[in-house]
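Here the structure is laid out as structure tokens; the discussion comes afterwards.
The values are calculated or read from the model by the stated rules, or taken from the named source; none is laboratory data. Model, not experiment: these values are computed from the prediction. Using ideal geometry, Cβ is built from the backbone for each residue, glycine included, and neighbour counts are taken over all protein chains shown. What goes into the accessible areas is simple: the full protein's heavy atoms, side chains included, and nothing from ligands, DNA or RNA. Shrake-Rupley method; radii C 1.70, N 1.55, O 1.52, S 1.80 Å.
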Amino acid sequence: MIRSVITGTGSALPVRRVSNAELAKTVDTTDEWIVERTGIRFRHLAGEGETTASLATDAARCAIAAAGIEASDIDLIVLATATPDQTFPASATIVQAKLGILDCVAFDVGAVCSGFLYAVQVADAMLRAGAHSRALVIGAETFSRILDWEDRATCVLFGDGAGAIVMEARSDAGERGVLAVKLHADGRYNELLYVDGGPSTTGTVGKLRMKGREVFRHAVNNLSAVMTESLTLAGLDAAQVDWVVPHQANARILDATARKLGLDPTKVVVTVDQHANTSAASVPLALDHAVRDGRIRPGHLVVLEAMGGGFTWGAAVVRF
Ligand code: UT7
């Protein structure tokens, strides 16, 4: 049986790191409000020359090095983003060119904050089908460029960054690999989290709009349910989980979701304080941090989860 195994992780952040206090100089907000309501203390914001594809490429290079392979070994790139460099071509092809990969399959996936989970599912299916052997799966965003900096209810919540993993098709995976993925979408909730523009409607990119309190209400229920579903699919239960790597939207959502599942909060990887919400980048960014600081180790059972605009949401169970 072929299974896809995560053999390397990487991440990249813009150079500029902005504290709540610095933000409060130009936005009508306070460090106290942001920390108390969200747990966010810092975010990185892209500067000149830093784009979704450039951050994605830096993260990809780290993941390729960690996997101990060459860029030319990659035959599939799936990039999750809602903030591509251009409407087209796919940012995945920009990453491909920057990495000097002469031929592979490369495309973007759009499921906003859940995009990385969707990308993992797509890459896993293509690897297990035998069509590809080594995939780069990336979540990368520059949400700072679609924020309304006059809207304090949203602009303080997001940051920029990228995370990447190398997934390899292995027939000798043993217990390792992607054990289960469960995804959902419910388009009835489009209007709770969206951008007010697009190529086919306004001919503009648009700005992010969110009814935060209503999104919050759905998040805890959907995330705890889908984690349980993915564990059931894998024939496992919450007590066996070593680490949860959640979408980093709000520390209160992370706490409430862990409580609902009866999970020890010390098993939850938290980076929202340092990175804020980086949409599709947030899960692979947090994953890379926990792998590099030695928390996630070979053999560990890890659950990845995310929810975002659409709504879309999902969870993946992975043995490292
Ligand atoms: O990544 C996709 C998933 N996204 C999410 O999961 C986000 C989910 N939602 C949330 O995380 C929270 O709902 C927020 C952090 C967005 C907001 O927290 P809240 O506790 O739901 O606050 P609220 O929106 O109900 O606003 C409470 C008050 C309001 O004032 P009044 O009307 O009570 O006087 C806002 O005007 O806080 C005010 N407010 C702010 N004050 C200072 C809103 N934004 C700010 C701000 N600084 N930045």
Search result, residues across the range 179-230 that are surrounded by fewer than 19 Cβ atoms within 10 Å (Cβ to Cβ), assigned to a helix (DSSP H, G or I), of a type in the set (Ser, Thr, Tyr) and without any contact (Cβ under 8 Å) to a residue 60 or more places away in the chain:
Thr228
Any residue at all in the range 102-114 that's within 16 Å of the ligand (Cβ to nearest atom), closer than 23 Å to Arg319 by Cβ and open to solvent by less than 10 Å² (accessible area, probe 1.4 Å)?
yes
Within the range 60-98, residues without any contact (Cβ under 8 Å) to a residue 60 or more places away in the chain, in a helix (DSSP H, G or I) and open to solvent by 10 Å² or more (accessible area, probe 1.4 Å) come out as Arg61, Ala65, Ala71, Ser72, Thr93, Ile94, Gln96, Ala97, Lys98
If you go through the range 239-260 one residue at a time, how many are modelled with pLDDT of 95 or more, buried (at least 18 other Cβ atoms within 10 Å of the Cβ) and either part of a loop (DSSP other than H, G, I, E, B) or of a type outside the set (Phe, Trp, Tyr) (or both)?
11
Sort through Leu127, Leu117 and tell me the only one that's aliphatic (A, V, I, L, M), buried (at least 22 other Cβ atoms within 10 Å of the Cβ), assigned to a helix (DSSP H, G or I) and over 18 Å from the mean Cα position of the chain (by Cα).
Leu127
Extreme residue, farthest from Asp160 (Cα to Cα), among residues of the range 17-38 that are near the ligand (Cβ under 9 Å from one of its atoms), of a type in the set (A, V, I, L, M, F, W, C) and assigned to a helix (DSSP H, G or I)
Trp33
